[in-house]
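The values are calculated or read from the model by the stated rules, or taken from the named source; none is laboratory data. Bear in mind the structure is a predicted one, so any value in this text is a computation, not a measurement.
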Amino acid sequence: MNETSPNGQSAAPSVQDRKSEFVAVSETRESTSAEALLVTAYVLMWAFAFWLIARTFSRQRKLDERLQRLENHLGTHPGAAGTSGSPSA
C-alpha cells in the first residue's frame, strides 16, 4: 500500500489507500471488560429492585400502623357499633 518515491523514500498513502487499509492497534487493553460491566449492571439492577420492594413494604407497614392509631384515636374500629355503613333511624 505504501509506495516508494523515486528517491527511495516511502510516500504517504493516498486517500484511497487510507480508506481501505486497516491497521490494528496493538498492545492496548480495554480498561474494563464487557463481562465485568454486564455483571456490575446486573447486580446493581437487582439491588435496586430489592431496595425498592423493601422500602415499599416498610412504608406500607408504617402506613398500616398510622391508620391503626388513627382508628384507635377516633374509636372507629372496623366492625364497631355504629360503623356498619347503614344510616341509623
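A few comments on the model shown:
- Of the criteria (1) assigned to a helix (DSSP H, G or I); (2) modelled with pLDDT under 75, which one Leu70 fails: (2)
- Checking Ser88 against (1) hydroxyl-bearing (Ser, Thr, Tyr); (2) part of a helix (DSSP H, G or I); (3) modelled with pLDDT under 70, the condition it does not meet: (2)
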